[in-house]
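Below you'll find the structure, written out as structure tokens, and then a few comments.
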Amino acid sequence: MSERKPHVVVVGGGLVGALNTCFLAKRGFIVDLYEKRSDIRKAEHVKGRSINLALSTRGRTALRMVGLEDTVLENGIPMHARMIHDPDGSRRPILYGKEDQYIMSVDRRRLNEVLLTAAEKNPNVTCHFEHKLVSCDFKTGEAEFINNEGKRIKKTVDLIVGNDGAFSGVRKEMMKATLLDYQQQYIPHGYMELTIPPSPKDEYLMETNYLHIWPRNEFMMIALPNLDKSFTCTLFMPFEIFNSIKTEEDLMNFFRDKFPDSIPLMGEETLKQIFMSSKALPMVSIKCSPYHVEDKGLIMGDAAHAMVPFYGQGMNAGFEDCIALDEILDLYKNDFSKALPAYSETRTVDAHAICDLAMYNYVEMRKSVNSKLFLMRKKLDNLLFTIFPNSWIPLYTMILTKVLSGGMMVLLGVCALSALRICNQRGITFQTLTDKAMELWESFPPVYR
């Protein structure tokens, strides 16, 4: 007699939910995937966040494990360095690490479509669109949904997995069922998406293989390349500055002062039309613990650890969650009663650390890249990495590749991660840590800043 296949409900058909479904189906599990939105593969326009994302080694490894890396990379654009745009219009590159190290600009919708299609190809997978979660019972494994026609559907399974984003319905249900610590922080900065279109000759208007950054200390703008020869720009700055721009004249005065070289690239009329018709959106960082309820409930991705986008690791960390769960299920031979607590224990600390590091990287991107001291440190970092590749790994490289073992490991990155972990354990807030760091920064003579 064959062994009964575990039956899993995955709530959320976004990037992490679709990939997680691929992983679970690969294990032979029966998977029902529920998504509250309609099938994006059939939609003309999709509402949501940025159309492009930064895919790093951490995310690529997960895609490789389900045979999708090459398919995704075919439609990606490598970015080997940051391209810094100074107020005077000059540009200067800052390599991420060695010349062969890069991140990929990928289209969010295209990636989601690839993952959903791959999941549905497995005979063990059934996708249900326009089904919103109503409730979960983590004692019985029953999940209830309501579809677009108002009909309620109940499904009883062995495991309910929440891959339903920062405002997770599964997490909300878990908080009713267990002692779940939860922390949510909105930062005082918002974001707005703008665009740089292709040239009249259908060419890129800026260097292609770079993450373009306009750092202005208190705020910044970035641009990622798209396959259609456009760039998606994202303006990050305090809400109070967004709110102070009330007229087209205010807008153009602001951009002429802060981002003058971007105006001819965007086009003045396009800039006015997009900015004045858009609203700055908030960014939230979420930490919680544990990630499971007994042997019946689990949250992953943004549902467990939403982070601000300044390391570009939200998706990559979520993809890495899928690897971590897969390895732990191997270790415990699919015994959820042992695997889920082990997943919570091993994943929580790393996830909390990357949430904090993402917040710190905003300071680096909008301010530190203007510093001579920072540029000196980056050059020293890369020099030491070249000489001692197994013993000295720059923090950014380590975050992109998740290199956490090997060599002496007496590294700047490890020190940073360890410090953040100690702060979490001792109740020291990240805000306190950054305040002290900024005090130290301001103590340096101006020539070094």
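Yes/no matrix, rows are residues, columns are (1) surrounded by fewer than 18 Cβ atoms within 10 Å (Cβ to Cβ); (2) in contact with a Cys (Cβ under 6 Å, 6 or more places away or on another chain); (3) in the same structural domain as Asp295 (by TED's automatic domain parsing); (4) not polar (S, T, N, Q):
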| residue | (1), (2), (3), (4) |
| --- | --- |
| His131 | no, no, yes, yes |
| Asp137 | yes, no, yes, yes |
| Asn147 | yes, no, yes, no |
| Gly165 | no, no, yes, yes |
| Ser168 | no, no, yes, no |
| Tyr191 | no, no, no, yes |
| Asp202 | yes, no, no, yes |
| Tyr210 | no, no, no, yes |
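Take the conditions at negative phi, part of a loop (DSSP other than H, G, I, E, B), surrounded by 16 or more Cβ atoms within 10 Å (Cβ to Cβ) and at pLDDT 95 or above and apply them to Met174. Does it pass? Walk me through how you get there before you give the answer.
Numbers: at negative phi: yes; part of a loop (DSSP other than H, G, I, E, B): no; surrounded by 16 or more Cβ atoms within 10 Å (Cβ to Cβ): yes; at pLDDT 95 or above: yes.
Taking the combined requirement at face value, the residue does not satisfy it.
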Worksheet item: Name the pairs whose Cβ atoms lie under 8 Å apart, with the first residue in segment 63-83 and in contact (Cβ under 8 Å) with a residue 40 or more places away in the chain, the second basic (Lys, Arg), and 6 or more positions between them or separate chains?
Response: Val66/Lys26; Val72/Arg60; Asn75/Arg110; Met83/Arg91; Met83/Arg92
Worksheet item: Looking at (1) closer than 30 Å to Ile263 by Cβ; (2) out of contact with any Lys or Arg (no Cβ under 9 Å at 6 or more places or on another chain); (3) at pLDDT 95 or above, which is the one condition that is false for Gly89?
Response: (3)
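Does segment 50-57 contain at least one residue that is over 30 Å from Glu173 (Cβ atoms), free of Cβ contacts under 8 Å to residues at least 24 places away in the same chain and in contact with a helix residue (DSSP H, G or I) (Cβ under 9 Å, 6 or more places away or on another chain)?
Residues of segment 50-57 over 30 Å from Glu173 (Cβ atoms): 51-52, 54-57.
Applying the additional criterion that residues be free of Cβ contacts under 8 Å to residues at least 24 places away in the same chain yields none.
No: zero hits.
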Item to complete: Filter segment 259-268 for residues that are in a helix (DSSP H, G or I) and surrounded by 18 or more Cβ atoms within 10 Å (Cβ to Cβ) and give the result.
Response: Ser262, Leu265, Met266
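The rows are residues; the columns are (1) closer than 16 Å to Leu24 by Cβ; (2) touching a Ser or Thr at 6+ places or on another chain (Cβ under 7 Å); (3) surrounded by fewer than 23 Cβ atoms within 10 Å (Cβ to Cβ); (4) at pLDDT below 95.
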site: Pro290; (1), (2), (3), (4): no, yes, yes, no
site: Gly297; (1), (2), (3), (4): yes, no, no, no
site: Phe319; (1), (2), (3), (4): yes, no, no, no
site: Asp326; (1), (2), (3), (4): yes, no, yes, no
site: Tyr343; (1), (2), (3), (4): yes, no, no, no
site: Thr346; (1), (2), (3), (4): no, no, yes, yes
site: Tyr360; (1), (2), (3), (4): no, yes, yes, yes
site: Val369; (1), (2), (3), (4): no, no, yes, yes
site: Lys372; (1), (2), (3), (4): no, no, yes, yes
Item to complete: Please go through segment 89-127 and pick out each residue that is surrounded by fewer than 16 Cβ atoms within 10 Å (Cβ to Cβ) and under 25 Å from Phe336 (Cα atoms).
Response: Pro123, Thr126
Worksheet item: Within segment 154-195, which residues are touching a His at 6+ places or on another chain (Cβ under 9 Å) and free of Cβ contacts under 8 Å to residues at least 24 places away in the same chain?
Response: Thr156
Worksheet entry | From the options Phe275, Phe255, Phe236, Phe242, residue that is surrounded by 13 or more Cβ atoms within 10 Å (Cβ to Cβ), in contact with a strand residue (DSSP E or B) (Cβ under 9 Å, 6 or more places away or on another chain) and closer than 29 Å to His80 by Cα | Phe236
Worksheet item: If you go through segment 1-36, how many residues are hydroxyl-bearing (Ser, Thr, Tyr) and in contact with a helix residue (DSSP H, G or I) (Cβ under 6 Å, 6 or more places away or on another chain)?
Response: 1
Worksheet item: What is the number of the single condition among (1) part of a strand (DSSP E or B); (2) of a type in the set (Asp, Glu); (3) touching a helix residue (DSSP H, G or I) at 6+ places or on another chain (Cβ under 8 Å) that Glu113 does not meet?
Response: (1)
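With the structure loaded, tell me whether Lys121 is over 24 Å from Asp302 (Cβ atoms) and in the same structural domain as Leu298 (by TED's automatic domain parsing) or whether it fails that test. Outline the logic, then answer.
On the way: over 24 Å from Asp302 (Cβ atoms): yes; in the same structural domain as Leu298 (by TED's automatic domain parsing): yes.
When the stated conditions are applied, Lys121 passes them.
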Worksheet, complete the sentence: Subset of segment 330-340, residues in contact with a helix residue (DSSP H, G or I) (Cβ under 8 Å, 6 or more places away or on another chain) and either outside any helix (DSSP H, G or I) or within 16 Å of Val16 (Cβ to Cβ) (or both), comes to Tyr332
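Residue by residue, here is whether (1) under 25 Å from Asn112 (Cβ atoms); (2) not in a loop (DSSP other than H, G, I, E, B) holds:
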{"position": "Ile241", "(1), (2)": "no, yes"}
{"position": "Lys279", "(1), (2)": "yes, no"}
{"position": "Pro282", "(1), (2)": "yes, yes"}
{"position": "Asp295", "(1), (2)": "no, no"}
{"position": "Gly318", "(1), (2)": "yes, yes"}
{"position": "Ile328", "(1), (2)": "no, yes"}
{"position": "Ala342", "(1), (2)": "no, yes"}
{"position": "Glu345", "(1), (2)": "no, yes"}
Worksheet item: Looking at Glu113, is it of a type in the set (Asp, Glu) and more than 24 Å from the chain's Cα centre (by Cα)?
Response: no
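The values are calculated or read from the model by the stated rules, or taken from the named source; none is laboratory data. As the structure is a prediction and not an experimental result, all values here were calculated from the model. Positions of Cβ are generated from backbone atoms using ideal geometry, with glycine treated the same way; all protein chains shown enter the neighbour counts.
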